[in-house]
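These notes concern the structure reproduced below.
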Amino acid sequence: MFYYLSLGSNIDPQKNIGRCVEILLDKFDALYIYPPVYTEPEGLDTDNMFINTLIVLKSSIHKATFKSILNKIEESLGRDKKKSNQSFIGHTCDIDIISNKVKFDLGVFHNLQESYLRSVLYSKNLAKQVQVYNLRCIDRPSTIYFDRGSSNKAIFGNKFDKISSSPGSNS
């Protein structure tokens, strides 16, 4: 199953988006990521800019279990959904499942209505400070995976094959 996700942060966003991607890579074999971009807050009482990105990853995990894993990642990065005002002020990390499909299909993202998510697809306002394992995110959609044969190096590539052929994680 391919999971199509949105990630956003407006509280220390360079650090939190990078760390979120690292945690996802620790749990899953590979992911496909759009370059993180700066976006204006929408519907929140804050002036803090967001960094948003879109991700695809493959997993054999059931959707409810997968969502539970995402919630734990958010909490590990400081999100407290019990605070009544947090959703109106900002997020250390917000991960949403946009869709899940059997086939890899980036067309899923082209139907997004939210302007901050559409900005990820079309904006040039890249958040170049976001780093994943001390590597700066690049300026085009990329696959990130580990080269397990050479000391677990994270590799940024431009081919879909690493994600579309990965077996998925059973984390």
Along segment 20-28, what does the Karplus equation 6.51 cos²θ - 1.76 cosθ + 1.60 (θ = phi - 60°) give for ³J(HN,Hα), rounded to whole Hz, x for Gly and Pro?
-> 4, 4, 4, 5, 4, 5, 5, 8, 10
Quick one: what are the phi-derived ³J(HN,Hα) couplings along segment 136-141, Karplus 6.51/-1.76/1.60 with θ = phi - 60°, whole Hz, x for glycine and proline?
-> 6, 4, 8, 8, 9, x
Per residue, how much accessible area does segment 1-98 show when a 1.4 Å probe rolls over the protein heavy atoms, in square angstrom?
-> 42
Nitroxide proxy distance, nm - points 7 Å out along Cα→Cβ at ASN111 and GLU75 = 3.2
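The values are calculated or read from the model by the stated rules, or taken from the named source; none is laboratory data. Just so it is clear, the model here is predicted, and its values are computed rather than measured. So basically every Cβ, Gly included, is an ideal-geometry build from the backbone, and we count neighbours across all protein chains shown. Ligands, DNA and RNA are stripped out before the accessible areas are found, and what is left, the full protein with its side chains, is counted by its heavy atoms. Shrake-Rupley method; radii C 1.70, N 1.55, O 1.52, S 1.80 Å.
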